[in-house]
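The values are calculated or read from the model by the stated rules, or taken from the named source; none is laboratory data. Bear in mind the structure is a predicted one, so any value in this text is a computation, not a measurement. Here the Cβ positions follow ideal geometry from the backbone for every residue, glycine too, while neighbour counts run over all protein chains shown.
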Amino acid sequence: MKIIHCADIHLDSGLSSNFDKEKAKERKAELLRTFVRMTEYAGEHGIEAVLIAGDLFDRDVISATSRNGVIGAIESTPGIKYFYLKGNHDRKDVFGSLSEIPKNLYLFNETWTSYELSEKIRIYGLEFNSVNSASAADTLVTDPSDINIVMLHGQESMSASDKTEVINLKSFRNRNIDYMALGHIHSYKNAELDGRGRYCYPGCLEGRGFDESGEHGFVVLDIDEDRRSVASEFITFASRRFINVDVDITGLDKTNTIIKAVSEKTDASGATTNDCVRVVLTGRTDIEAEKNDAVISKTFENRYCLFRLYDESAFSIDYESYSADRSLKGEFIRAVKNDPTVSEDKKAEVIRYGIKALLGEEL
Amino acid sequence: MRLIRCNIMNFGTLCDFHYDFSEGINRIVRGNGFGKSTLAAFIRIMLYGFEGEGKRDSLSRERKFYEPWQGGNYGGDIEFSVGEKCYRVTRTFGKKADSDTFELRDMRTNLVVGDYSERLGIELFDMDSDTFRRTVFVGQDGMETSVNDTINGRIGALVDNTDDLDAYEKAKASLEEMINSLTPRRKTGEVSKLTERITSLEADILPAGELEKSMESILEKRNAEEENLRQLREEKDRLATKAKELGAYMEIETGKERYEKLLADRDIKAKELEEYRKELPKGADINAFPDSSELRTLAQNHMKAASELSGTRLIDLTDREEESRLRLRALYGNDDPTETAEKYIALWRDIKEREREKIGKEEIYGKAEDEMLRETAIGNKYRGICLAIALIFLISGVVLFMTTDPIWPGLAACGIALICVIFSVVLTAPHRSAAKQRNKERDILKRDINLINERISSVNSEIGDFLRKYDKDTDPDMIPVSLRDIINEREMLLGLESKKNRAKEAADKAKESMDGINSFIREKAGYVSEDPAVQLQHLADVSDKAKGVLRSYEEILVSIKEFESENDIEAIRNTDVPKTDESLADITSRLKEVTELEEESSKRLSSFDKRNDELAQNLDEIAEKRIERDRLKDIRDEKQKAYDCCVIAKEHLVNAKETLSSRYIKPILDKFMYYHTMITGQNTREYMVDANIDVSVREQGMNRSVMQLSKGLRDVVGLSLRMAFIDVMFPQEKPVLILDDPFVNLDRTNLDAAEKLMRIIAKDYQVIFFAAREETEQQIEI
């Protein structure tokens, strides 16, 4: 039997921190479209169940478009069972206002609920609250002869915590769990739980910002009921990626050489026109280097879906080389250097402005 | 550098002017209008070219100003020495710069050399025209001077690189411009603008807390409503289940009632059917019994046939007609004289035509007879006359013949008599022929007339016999009438007999129809009443009702059968509806009520969702503003940082400049004081030179601008400062000093000192000194 495990779709996310209003709107639609595509994938690849391990929606109040899109996708694949466990972003009862919940949608609540997916496969789920999270593992009762899949939404932890969204993995060891379908962490992680089972975060279905960079998608479980084995495979499915590229510009003293370095790094990252790219300039450039961030940004802004340039590089200055310089510049640099009221970081900036002014460059 | 000679071809007021310069002081003392300033300008322009090239004002634009009055090209040459070398520079000037010429020759070889270009002054003195004016060239515009970047750089020979000193003013201005554009102190500054925008955004963001509270409140209400809705749905489900259960019982009860009603209906219909059967012949099959429509049609047909039968009396012959028919039948029997009568009518018409022909012929006959008689009479008349004449002439001839001799008269008369005889024959011959012809025609007509008469007589006889056979008038004049009567009577006979036959046929048909219907009635009802139509109507009514009752009866039987097959009759009979506190009606009513409440609750829930959507949208907008605020804050911080850096950079740049300048302030001040003391002969005033080489005088404990001194003292300060600059700027190759009437503002004491100074200076510098006053020359010469 094949099962999809996904989580953290975060439909109706704001997305305005990286995108302007129009692009944020498009990206919101992309999130929904990717979820619908996943259900189509499920239909086309013989998937029998889809586990949504929390945060299907980003907020308590969801838009009619998202609600209808999700319901429509579920109803249009009636042969697939959907198990939806609410996360910390989901509203308490997203489908409550519906007069009729789709027949193939199975929900959980704040006590352990189990569904028999087949004669040998059981799906368990618990939605955390401030009371049940600490004792979650203790209240879970499973049959060791079954293939037990447990759905939870929270931050993994190896120790007990009083935080609601924390899953104490240690407490779930030796509970006859074959696969823990988790949600909450936005990047893919698959690790051993105990001698029998594994726990897995599929990550979010689509990245929403540069803090969710890399490949995103869902996990397909292939369960051999006779052999009692659960194999999993991560499927890259996001429509576009967020890619962070650090470019060390130490020693580069001209804008065009910096552009060349950025271009080499972004090309090496495999970024395509479909991707969102953030470049962080690092390292130190000479105080007299010619570096124009606006020109660098302009060069790349049409090359990618989204381009952001963060200049975190610093200026380097060799005070020693100016110690005997009896020019105005030398005098100026010494004056700044010897000013105790200016911090060391600021001194380089001050000197750069002064030198640019003396060189007649645009400040 | 030293000037040797100048030759002016044409330049301003000067024309073909030559002057040999000596070492030391060159006094050129001429009256006003000679062209002293023009000569000074010539030397400067030969070194630097014209100034004010872009200006329109002819006074400011030197090219125009020094254009020779007599017109044409102008210019000249200057011979000068630099180190060991001597050169001659020749320049000619046109209307525009591109028509100027420049040539530099080595005086020893007289060859054109490229040691210096058109920028001769800059290359010789390493200073531009402005610096030249501020130092070695004292024009009529005054002795006062100040430093520029070049002087700063040159007098700052103690520093390594003077390029950035040259750029100091621009750098400072650039930083100030940046500081002004960024300043948080003024509304126009970018930092200030950003702060204003951030403040505005923060004001917009402020209601976020309230909105979130509202949203939480609405969410609570929504959740409560959701709970209410859930409870309503549970209640609805409970009621629906109960209604369904009660409905099932009610369905059994209804079925039971229905079954019993079917049985009762069956019995009622069976009784009704029995009653109707009595109306019908015994053993009659109701289903096979004619339909009411058929019976009603038959009743109508019967009534129609009876009506038709009585109607035949109206179309039968009247007694009189019958009498006529019998009379005519007796007269004509089976004969049909119509054809014969019509033939005789035609014959009679022919006879009449013959009679009219006969009358015509008889008239022609009479005329022919008259014609014959008339022609005979005319012939006879002519013959008598001719014969009488012939007789006369014969007698006369005979007489004459006999009496007279010659005989010819007698012969002639006899001849005439003969001619007359011949003439009588000739004249009467046509008349006799015509009479004969008329006679012949008359005979033919007579024969035709006779034939017609015979024919008329024969026909009249034949028609008369025919008429007499049918007892008709045979009078010849009445023949056609009689013949027409026969035809008419024969037609009348046929018409009467036809009418009689039609009446008989109709009566027979109606009777036959009635007999058929009566037979049908007898067959279906067993008897025929006096009024079969009424009997048929009654049967139709009975048939209708009996068939309807029978159909209902059979349907009821089918329903009973179906019900019995579908239901367990025994179980139904034994099932009793359980007693409950709520009747089905109550439950249904309550269900309706709960459904309405559910709808209202759903609407409220939708309303909460809608409001939440609006709030979420507002919060989204606020979130966007928050992001925008943070972004602007970052930008503002960057700008503020840039502003701070620029402020610090400017401050340190100024300090650096001052520090650097301080290294050459003292040499300048020393030189200045040396020259100043030399001119004034005293050192009572305390002068100060700042880092910008601005000279001020300290009096009564305060620094005062030299602008507050008299014009004469300002000139002394200016000359002293110029000499200080020159001394510092030209430590090696000394330039030529050009002074265009510089001491006009000095009093006698200072003038003497200045002249003394000139002599001392002349030891190191070549001095070109222009003056208008004679005493100056004399003084200098002393």
Of these, B:Thr199, B:Thr183, which one is surrounded by 18 or more Cβ atoms within 10 Å (Cβ to Cβ), within 57 Å of the chain's Cα centre (by Cα) and modelled with pLDDT of 90 or more?
B:Thr183
Which members of the range B:188-226 meet the condition of being touching a residue at least 60 places away in the same chain (Cβ under 8 Å), in contact with a Lys or Arg (Cβ under 7 Å, 6 or more places away or on another chain) and more than 14 Å from every other protein chain (Cβ to nearest Cβ)?
B:Val191, B:Leu194, B:Thr195, B:Ile198, B:Glu202, B:Asp204
Is it the case that some residue within the range B:721-730 is away from every other protein chain (no Cβ under 14 Å), within 30 Å of B:Asp20 (Cα to Cα) and basic (Lys, Arg)?
yes
Single match in A:Lys81, A:Lys103, A:Lys120 (criterion: out of contact with any His (no Cβ under 8 Å at 6 or more places or on another chain), basic (Lys, Arg) and surrounded by fewer than 15 Cβ atoms within 10 Å (Cβ to Cβ))
A:Lys103
Residue selected from the range B:599-623 under the condition within 9 Å of another protein chain (Cβ to nearest Cβ) and farther than 17 Å from A:Arg59 by Cβ, by the criterion surrounded by the most Cβ atoms within 10 Å (Cβ to Cβ)
B:Leu605
Test A:Arg308 against the criterion of being closer than 24 Å to A:Leu281 by Cβ, more than 9 Å from chain B (Cβ to nearest Cβ) and out of contact with any Pro (no Cβ under 7 Å at 6 or more places or on another chain), and give yes or no.
yes
Complete set of residues in the range A:311-326 that are in contact with a Leu (Cβ under 9 Å, 6 or more places away or on another chain) and within 13 Å of another protein chain (Cβ to nearest Cβ)
A:Asp311, A:Glu312, A:Arg326
Restricting the range A:8-41 to residues that are of a type in the set (Val, Ile, Thr) and buried (at least 19 other Cβ atoms within 10 Å of the Cβ), the one nearest to the other protein chains (Cβ to nearest Cβ) turns out to be A:Ile9
State yes or no: is B:Arg296 of a type outside the set (Gly, Ala, Ser), at pLDDT 85 or above, exposed (fewer than 13 other Cβ atoms within 10 Å of the Cβ) and in the same structural domain as B:Asp475 (by TED's automatic domain parsing)?
no
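In the same structural domain as B:Val136 (by TED's automatic domain parsing), within 24 Å of B:Ser117 (Cβ to Cβ) and either touching a Cys at 6+ places or on another chain (Cβ under 8 Å) or of a type in the set (Lys, Arg) (or both): which single residue out of B:Glu79, B:Glu51 fits that description?
Only one candidate qualifies: B:Glu79.
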Screening A:Tyr319, A:Tyr353, A:Tyr310 for residues that are touching a helix residue (DSSP H, G or I) at 6+ places or on another chain (Cβ under 7 Å) and surrounded by fewer than 17 Cβ atoms within 10 Å (Cβ to Cβ) leaves only A:Tyr319
Take A:Lys265 and decide whether it is exposed (fewer than 14 other Cβ atoms within 10 Å of the Cβ), more than 14 Å from chain B (Cβ to nearest Cβ) and part of a helix (DSSP H, G or I).
no
Condition broken by B:Val706, with the remaining ones in (1) β-branched (Val, Ile, Thr); (2) closer than 30 Å to B:Gly31 by Cα; (3) in contact with a Ser or Thr (Cβ under 8 Å, 6 or more places away or on another chain); (4) in the same structural domain as B:Leu39 (by TED's automatic domain parsing) satisfied:
(2)
Within the range A:68-82, how many residues are more than 12 Å from A:Ile101 (Cβ to Cβ) and charged (D, E, K, R)?
1
Which members of the range A:337-363 meet the condition of being within 7 Å of chain B (Cβ to nearest Cβ) and within 15 Å of B:Ser174 (Cβ to Cβ)?
A:Val350, A:Tyr353, A:Gly354, A:Ala357, A:Leu358, A:Gly360, A:Leu363
Cβ-Cβ under 6 Å, sequence separation 6+ or interchain: first residue in the range A:33-47 and touching a residue at least 12 places away in the same chain (Cβ under 8 Å), partner crowded, with 21+ Cβ neighbours inside 10 Å and of a type in the set (A, V, I, L, M, F, W, C). Which pairs?
A:Thr34/A:Leu205; A:Phe35/A:Ile9; A:Val36/A:Ala73; A:Thr39/A:Ala73; A:Ala42/A:Ile4; A:Ala42/A:Val50; A:Ile47/A:Ile4
Of the residues B:Lys509, B:Lys547, only one is surrounded by fewer than 16 Cβ atoms within 10 Å (Cβ to Cβ), out of contact with any Phe, Trp or Tyr (no Cβ under 6 Å at 6 or more places or on another chain) and not assigned by TED's automatic domain parsing to the domain that holds B:Ile268; which?
B:Lys509
Is it the case that A:Val61 is out of contact with any Pro (no Cβ under 7 Å at 6 or more places or on another chain), away from chain B (no Cβ under 14 Å) and crowded, with 17+ Cβ neighbours inside 10 Å?
no
Given the residues A:Met158, A:Met180, which is the only one that is crowded, with 20+ Cβ neighbours inside 10 Å and on the phi < 0 side of the Ramachandran plot?
A:Met180
